[in-house]
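Novice: Structure incoming, see below.
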Amino acid sequence: MLSNIPLRWMIKEIILADAGIIFHPSAMPLFGIDYKAFVNEAKEKRKGAAIPPASLPVQTKSNVEDITAPIHDELGMPRPGLSLILMWLLWWFLELLPLPDFHQDKKNRWGFSLRINRGRPRDIPKYPKVKNVNPGHIDGKTGNIQTLFHKSVEYRIKAFESSNQPYKPRALLTTGEPDFVD
């Protein structure tokens, strides 16, 4: 499932942060998670050892299956079955419910509005120039902070490049090109 990719990332970050959350190691393989490797990497990191950046190993069967999995759109027409129709109605109710939208303007002032999403893609605003940013994430031409996407998005784009239906993320970038990171 496509959702396994962010799940693996979140669990890995929790383990690396030593947040004290305990996972059931025998359940991890169900989601394509190498629990032992995550724990060992966390131990090495705490010792101060240099660890190469984490990456999504595309060659593993579960990662390839997850990256190329069909997109499951909860807002599309429901399949037959009462519980599925109720779930679809719930999703649409949430899409039509006005929710707070906080945003920052060019002068770093915060604004607030109510937004009804109606199934539209989310927009990713241009970040204001800020201090203490990883120089690798600054666009050399504009000096703006690049929008960061997980490497799995890049892998998915490449996997579907030559197909009849190439993959394009629905998120709307307001400026620049994305930077794909682990």
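Novice: Those residues that are loosely packed, with under 13 Cβ neighbours inside 10 Å, outside any helix (DSSP H, G or I) and modelled with pLDDT under 70, I need them from region 52-74; list them, please.
Specialist: Of region 52-74, the ones loosely packed, with under 13 Cβ neighbours inside 10 Å are 52-53, 55, 57, 59-61, 70-73.
Next, only the ones that are outside any helix (DSSP H, G or I) stay: 52-53, 55, 57, 59-60, 70-73.
Answer for region 52-74, where residues must be loosely packed, with under 13 Cβ neighbours inside 10 Å, outside any helix (DSSP H, G or I) and modelled with pLDDT under 70: PRO52, PRO53, SER55, PRO57, GLN59, THR60, HIS72, ASP73.
Novice: In region 99-182, which strands (runs of 3 or more DSSP E) lie fully inside it and hold 3 or more residues that are at pLDDT 70 or above and over 26 Å from ILE5 (Cβ atoms)?
Specialist: The qualifying strands (runs of 3 or more DSSP E) are 99-104, 110-115.
The values are calculated or read from the model by the stated rules, or taken from the named source; none is laboratory data. Here the structure is a predicted model, which is why all the values come from computation and not from measurement. We place every Cβ from the backbone using ideal geometry, glycine too, and count neighbours over all the protein chains shown.
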